[in-house]
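The values are calculated or read from the model by the stated rules, or taken from the named source; none is laboratory data. What you are looking at is a predicted structure, and each value in this text was computed from that prediction instead of being measured. Virtual Cβ from ideal backbone geometry, glycine too; neighbours counted across all protein chains shown.
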Amino acid sequence: MPAESMDFLAGLNPQQREAVTFTGGPLLVLAGAGSGKTRVITHRIVYLIAEMGVRPDHILAVTFTNKAAEEMCQRVLAMLPEGRSGNPRLSTFHSLCNRLLRRHAARLGYTSDFSIYDSDDQSKVMKGCLQEMSIPESILLPRKACSIVSRAKNSSRRNEFATRAFRDHRDADLYRRVLALYDQKLRASNAMDFDDLLLNALELLEEHDEVRLRHQEQTRHLLIDEYQDTNRLQYLLVKQLTQPPYDLCAVGDEDQSIYRFRGAHLGNILEFEKDFPNVRVMKLEQNYRSTQRILEAASSVVRNNRERKEKTLWTRNDPGDLVRCLASNSGIDEAEAVGKVILALKRDGLDDTFAVLYRTNFQSRYFEEVFKRNAIPYTILGGLSFYARAEIKDLIAYLRLLRNPGDSMALDRIINVPARGIGETTMDRLRTHAAEQGLSLWESVEAFARDPELSNRACCPLAGFVHLVQQLRMEMPSSPLAAFLESMAERIGYVKMLEEENSPESLSRLGNIEELVRAAHEWEGQGLSVSDFLDQASLASDSDNYDSKSHVTLMTLHSAKGLEFDVVFLVGMEEGLFPHGQSLQNHADIEEERRLCYVGMTRARRRLYLSWARFRRTFDPFALGENLPSRFLSEIPATVLETIENGYSSRESSAWSSPFQAEVPQKERKPYAGKSYDSVDSMKEFLRRRGGGAPARSGSRAAALPPPPTDPGGPNDFPPGTRVQHPQFGEGVILQALKEGDETKLNIHFSNFGRKKLIQRYSNLVKI
DNA sequence: GCGTTTTTCCTTTTT
DNA sequence: GGAAAAACGC
């Protein structure tokens, strides 16, 4: 072996080395958190090229985010000797499929200029579908419909829709019709949603032999990262991308599977050995990232899951500090406690990286406020990302319309932005005309603009708009990206509109546009076209924006996957928030929440703080007065945990003031009585054992707090939060109970019928 | 058809 | 507490 290769293998432990150099067929690497998963993938790529003489472009590695792909690519290139031919291909499933489809779109009846619809576009299309089918929102919300449809799409081939999709569902027939109409609309706009990218790529490979063969020829070595989060569609794609004898290397950790809601199928990794013959399975169990105590705490939590392969993660690292549990009174106090810890640790002068991880995006708010007030520089991922800002979406919608005239969502968005006298009435007529004549919205606009019958008032603005778009469309292909964007923003009147508004917001929007132009300049330098720019904007993920040099980063637990930090704060650890209230009903969902907790905890290198708040302002109808600490906290052994009581402050009464709960008469406020909270006692016991914990209430404070837990009440008592069964409406949850005279009016949310107001006496409700 | 004010509803998690 | 839809007045 050349000295060089000895070098790059020298940094690996025996198991890693084995995984890197094994080439005798399909390989599954079960890699625990922090066990050097990325190193295995990058070194394996380098090994294949440098040692096995594999042509770089015969290697395809699929990762979860573009950022991960890019980083791996850079590490690989740094290790490779000069003078090779081509680069290995590293990409996400979605970008891979996108590229494949752009090349072969015609075979599936799209043009290569197809648009990619984001979740906003999706729910707008869905809204239209439901309206056309006269399904009121009270029965099916557009976004809910989108997620149901998306899940079905991620587990079926397109030609299976009519039979296989929704097969477990009570309303399968209804959903199939919704899906069919939704699909038809997207197709008519020459558009694909995220799921279509996978679905169509699969169809392309399965049904077009020459495409598949060419691709298999190109992909002799396939590596897949985060295999635990692949869904059925991705699994089927993997099978199409390679062929026996597979050189397939899948790397994953079933304990870190956190995308079940998106169709991720744990079976993919648990049954890998059945799917591929003669598979070799290797385990990486030495953790290089975290301290012993952090690892012990995280392992004890995830051990409570049933659906997993047994493995023992260990480390040679220091024992480290105890994991700390911060118990605060309110969400604001929680944020302040975290801020204080960060300031204290920063005072020690270390160059530590910090992360605040939460279950849901809305939790970021208090942290932002506190960090701003205390001059703690932070970066926030997700929430309103750059591409989600209105002005950026508008300009991108213009580009989308220029590239793909069929893109009705883009057209709809910008036809009257800035205002050009094309209002709702005209739009209604355009839509009707399009539907009647089987035209796209754009074709309908063109027709109206030419129609001599039409009044000038309606016609002129349309004609002007058509002319503008046609001109821009002609110029676009030949102009450099940044210059084109800039001149477009000018000519469509967008800049003028913002300048005339002349408010602080409009000025910041102008700033954002400048930033977009700057970004375009950079991409232009890398030889990217308008099309690439649009794809980048659609397929970018939140963690793609993560900057490891930033000292404090706020993000959801999901976005934190694959990242690591010196100090991690896992906040909002309360029953109902984490685990999330929507996950309490079924065991598989709880297990997923637990894995999410495991992922969060194992992001920490040196210090881990877990935090919860007794009261939290919320608009969730499931919210129930005082919070209980998350069950995950009670799963951590006392020997590695230290509880810090972030005492009762004067704010507790204001923390207890949800606008919703304020409407409920004091007397009827009752703690949730459902059986999901069966561990109340163990939780209290757990806190007492640790000293600190929830002290007994006494004196004046008790008056400001909600009444202490009492019995759920008799059969005629329906406090908010109670789950009920109705003879016609099925299952529901009491949102509100109002006593009026001797009647009680109940406001109930039924899962299949939406909200209803019923008089309790006549309702025939049964508690469940 | 446009701009402002009022009301509503909301909150899982993401490519 | 804030964005998006609806309602209202011009």
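Things to note:
- Residue list for segment A:412-453, restricted to those being at positive phi and either within 10 Å of DNA strand B (Cβ to nearest atom) or acidic (Asp, Glu) (or both): A:Gly421
- Which listed residue, of A:His169, A:His208, is away from DNA strand C (no atom under 16 Å from the Cβ) and within 26 Å of the chain's Cα centre (by Cα): A:His169
- Criterion (of a type in the set (Phe, Trp, Tyr), in contact with a helix residue (DSSP H, G or I) (Cβ under 8 Å, 6 or more places away or on another chain) and within 16 Å of DNA strand B (Cβ to nearest atom)) met by exactly one of A:Phe354, A:Phe367, A:Phe362, A:Phe371: A:Phe367
- Verdict on A:Gly600 being more than 16 Å from DNA strand C (Cβ to nearest atom), surrounded by fewer than 18 Cβ atoms within 10 Å (Cβ to Cβ) and either among the small types (Gly, Ala, Ser) or modelled with pLDDT of 95 or more (or both): no
- Residue among A:Gly581, A:Gly572 that alone is small (Gly, Ala, Ser), farther than 25 Å from A:Thr353 by Cβ and either within 14 Å of DNA strand B (Cβ to nearest atom) or at pLDDT 95 or above (or both): A:Gly581
- Of all residues in segment A:418-435, those that are touching a residue at least 60 places away in the same chain (Cβ under 8 Å) have Cβ atoms under 8 Å from Cβ atoms of residues that are within 8 Å of DNA strand B (Cβ to nearest atom) and in a helix (DSSP H, G or I), 6 or more apart or on another chain, in A:Arg420/A:Pro461.
- A:Ser559 being under 19 Å from A:Leu326 (Cα atoms), surrounded by fewer than 24 Cβ atoms within 10 Å (Cβ to Cβ) and modelled with pLDDT of 90 or more: no
- Counted residues, segment A:62-116 - those being polar (S, T, N, Q) and farther than 27 Å from A:Asp229 by Cα: 3
- Selection count where residues are polar (S, T, N, Q) and closer than 14 Å to A:Tyr182 by Cα, scope segment A:135-159: 2
- For A:Leu130, the criteria (1) farther than 30 Å from A:Gln526 by Cβ; (2) touching a strand residue (DSSP E or B) at 6+ places or on another chain (Cβ under 9 Å) hold in every case but one, which is (2).
- Considering the conditions (1) more than 30 Å from A:Ala397 (Cβ to Cβ); (2) away from DNA strand C (no atom under 16 Å from the Cβ), A:Thr92 is excluded by exactly one of them, (1).
- For first residues located in segment A:125-141 and over 16 Å from A:Ala435 (Cα atoms), partners that are away from DNA strand B (no atom under 16 Å from the Cβ) and lie 6+ apart or on another chain with Cβ distances below 7 Å do not occur.
Results for (1) farther than 19 Å from A:Thr556 by Cα; (2) more than 21 Å from the chain's Cα centre (by Cα), shown as yes or no for each residue.
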residue: A:Gly320; (1), (2): yes, yes
residue: A:Asn329; (1), (2): yes, yes
residue: A:Ile342; (1), (2): no, yes
residue: A:Phe362; (1), (2): no, no
residue: A:Pro418; (1), (2): yes, yes
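- Segment A:6-39, residues that are surrounded by 15 or more Cβ atoms within 10 Å (Cβ to Cβ) and of a type in the set (D, E, K, R): A:Arg17, A:Glu18, A:Lys37, A:Arg39
- Hits in segment A:95-154 (condition: more than 14 Å from DNA strand B (Cβ to nearest atom), of a type in the set (Asp, Glu) and more than 17 Å from A:Asp407 (Cβ to Cβ)): A:Glu132
- Qualifying residue in segment A:375-384 (condition: within 18 Å of A:Tyr117 (Cα to Cα) and without any contact (Cβ under 8 Å) to a residue 40 or more places away in the chain): yes
- Residues of segment A:530-581 that are in a strand (DSSP E or B) and small (Gly, Ala, Ser): A:Gly576 alone.
- Residue match in segment A:280-291 (condition: surrounded by fewer than 21 Cβ atoms within 10 Å (Cβ to Cβ) and over 21 Å from A:Arg39 (Cβ atoms)): no
- Considering (1) within 16 Å of DNA strand C (Cβ to nearest atom); (2) modelled with pLDDT of 85 or more; (3) farther than 23 Å from A:Gly109 by Cα, the lone condition that A:Ala447 does not fulfil carries the number (1).
- Failed criterion for A:Ser531 (all others in (1) within 23 Å of A:Tyr387 (Cβ to Cβ); (2) within 26 Å of the chain's Cα centre (by Cα); (3) within 16 Å of DNA strand B (Cβ to nearest atom) hold): (3)
- Filter result (within 15 Å of A:Asp193 (Cα to Cα) and touching a Phe, Trp or Tyr at 6+ places or on another chain (Cβ under 8 Å)) within segment A:154-181: A:Leu179, A:Ala180
- Any chance A:Leu608 is crowded, with 22+ Cβ neighbours inside 10 Å and modelled with pLDDT of 90 or more: yes
- Summed over segment A:502-517, residues that are exposed (fewer than 14 other Cβ atoms within 10 Å of the Cβ) and in a helix (DSSP H, G or I) total 7.
- When restricted to residues that are aromatic (Phe, Trp, Tyr), at pLDDT below 90 and within 13 Å of A:Gly339 (Cα to Cα), segment A:351-374 contains 1.
- In segment A:375-386, the qualifying residues are those that are within 14 Å of DNA strand B (Cβ to nearest atom) and modelled with pLDDT of 80 or more, and the one that is surrounded by the most Cβ atoms within 10 Å (Cβ to Cβ) is A:Leu381.
- Subset of segment A:79-91 that is surrounded by fewer than 21 Cβ atoms within 10 Å (Cβ to Cβ) and within 16 Å of DNA strand B (Cβ to nearest atom) - its residue that is farthest from A:Asp118 (Cα to Cα): A:Arg89
- For segment A:127-143, taking the residues that are part of a helix (DSSP H, G or I) and more than 12 Å from DNA strand C (Cβ to nearest atom), the one that is modelled with the lowest pLDDT is identified as A:Glu132.
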